[in-house]
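First the structure, in the form of structure tokens, and then the observations on it.
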Amino acid sequence: MNSPIYIMWLRQLKRTWRSKTRLIASLVQPLLFLVALGFGLGPVFQKAGGGNYIDFLSPGIIAMTILFSSMFAGMEVLWDKEFGFLKETLVAPVSRWKIMLGRTLGGATVSSLQGVLVFILAIIIGFRPSHASLIIVSFFFMFLLALLFTSLGTAIASKLNDMQAFPIIINFIIMPLFFLSGALFPVDNLKGILADIIKINPLSYGVDALRHTLAGVGSFSLLLDLAVLVVSTIIVLFVGSKMFNTIEI
């Protein structure tokens, strides 16, 4: 296939394969969260009537892994700017939105793979999916979540030229997204401004969708989760393509 989208997607996968050490190292943080929080807070969560905390926590940690990996995929745009590869790509007779889409799909594929690996780690630790038939559906939501945040990371990177500024900005965005998504705690009985923030956080619906499909529980309806993620992804892809189309090299 000579499609520019396919070529950029394949290039992103090859990059990841050459960085297998980075891929493995990226699993350390979610493993630490699963073990330290899962077993450390598990007895407290169970006494509070919440059930098995590992089962509750695992979908949130999978979403966290995808969020971090997806957003930091934008760093490759800055690397390509720095070493001139992006300039060579953009002068080709190819629509820039196709280049952006190909990069985004590649980054989303890698992030989804990392989510699947964390899912396997969670099972080894003790997580048990409630419905085996819905695991494939959860993989779809992992990819949708990865597509959303890879698009966002790429859009942000397209407007930056400082590689040192990118991690600072991304951390400023992803930490509130993660901690205010319900990944670590139930959101059913929350009220006030915290509940409102969680409801407007798109990651909340990704976490909820994974809980529905993997743990059999959720705070919103699965249809609402799907609608919010699809609409958010379309919007971010559209805005990101516009920003990438005006990138300065």
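All of the numbers you see were taken from the coordinates with simple rules; none came from a lab. Computed from a prediction, not measured in an experiment: that's the story for all the values here. Here Cβ is always computed from backbone atoms with ideal geometry, including for glycine, and neighbour counts include all displayed protein chains.
What distance in nm lies between label points placed 7 Å from Cα along the C-beta direction at Ile124 and Asn52?
That separation, rounded to one decimal, is 1.8 nm.
If Rh is defined by the Kirkwood formula over all Cα pairs and Rg also comes from Cα, what ratio Rg/Rh do you get for the stretch 163-226?
1.05
With a cut-off of at most 15 other beta carbons within 10 Å, and DSSP calling the residue loop, which trypsin sites (Lys or Arg not before Pro) in the stretch 160-230 qualify? Please list them.
Lys191
Using per-residue counts of other Cβ atoms within 10 Å, averaged over each peptide, order 150-159, 227-236 from highest down.
With the highest mean Cβ count within 10 Å placed first, the list reads 150-159, 227-236.
Based on the alpha-carbon gyration tensor of the stretch 4-245, what equivalent-ellipsoid semi-axes (square roots of 5 times the eigenvalues) come out, in whole Å, largest first?
Equivalent ellipsoid of the stretch 4-245: 32, 18, 16 Å, largest first.
With +1 assigned to the C-beta of every Lys and Arg and -1 to the C-beta of every Asp and Glu, and no other charges, what is the dipole magnitude of the stretch 187-249 about the Cα centre in debye, to the nearest 20?
Taking the Cα centre of the stretch 187-249 as origin, the dipole is about 40 debye.
Which entries in Lys199/Lys242; Lys98/Lys199; Lys191/Lys242 show an alpha-carbon gap greater than 29 Å?
Correct reply: Lys98/Lys199; Lys191/Lys242.
Any chance you could run the full-extension gain for Trp79 through Ala165? It's 0.36 nm times the residue separation minus the Cα-Cα distance, nm to one decimal.
29.7 nm
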